[in-house]
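Beneath this line is the structure, given in structure tokens, with notes to follow.
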Amino acid sequence: MFSKSRINEPGPKAGEPEKSKLPEPGFPRPGSDSPVPAAPKAKPPASMLSSDLVVTGNLKTSGDIQVEGTIDGDIHAHLLTVGENATIRGEVMADDVVINGRVIGRVRGLKVRLTSTARVEGDIIHKTIAIESGAHFEGSVQRQDDPLNVGQRGGGAKATHVLGDGAAVARAPSETGQPKG
């Protein structure tokens, strides 16, 4: 209702020097060629790809993506969230991957989470993984310290099939037709 204005604020007392104001961020200081460093920028919100959007091609960002539509291509992001009705056909690579929908292709992530509505058909290469009861997964799971390093290859992968009730069944590579080591 009422606002305080500078008119009502007391000025400097007689004999006291006026306090200098700091220059605004991004503007040079008087007598200096370099600008004052600006405050760190806030993290932008995730890019949202709506449910009626169909993308054919690869997506790459250092930010976050939330997919609700259909993507035919690879996705590289910091955080990728796949919505319940979303479908991705291609490789997914992100620091954090949360899958609520369908992914057909390889998943690479430091942290990978398959929720109860997830359907993944492809290999998962991860540092940590969580699979909720009810998730459907067909492919192999491989733990690596740096799963985002594409050139890295490790052995010991096991095919894991998560049944409709979330129970996991693992078989040795020789049982799945995969070469050992």
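Suppose R0 equals 30 Å; then what is the FRET efficiency for THR56 and ARG143 from their Cβ-Cβ distance, rounded to the nearest 0.05?
Between THR56 and ARG143 the formula returns 0.40.
Add +1 for every Lys or Arg and -1 for every Asp or Glu among the other residues with Cβ under 13 Å from the Cβ of THR81, and state the total.
Net charge in that neighbourhood comes out at -3.
Report the label-to-label distance for LYS127 and ASP95 in nanometres (one decimal), using points 7 Å from each Cα along the Cα→Cβ vector.
0.9 nm
The numbers here are math on the coordinates, done by the rules we state, and not lab data. The structure presented is a predicted model; accordingly, all values stated were derived computationally and were not measured. Counting neighbours? That spans all protein chains shown, and the Cβs are built from the backbone with ideal geometry, glycine included.
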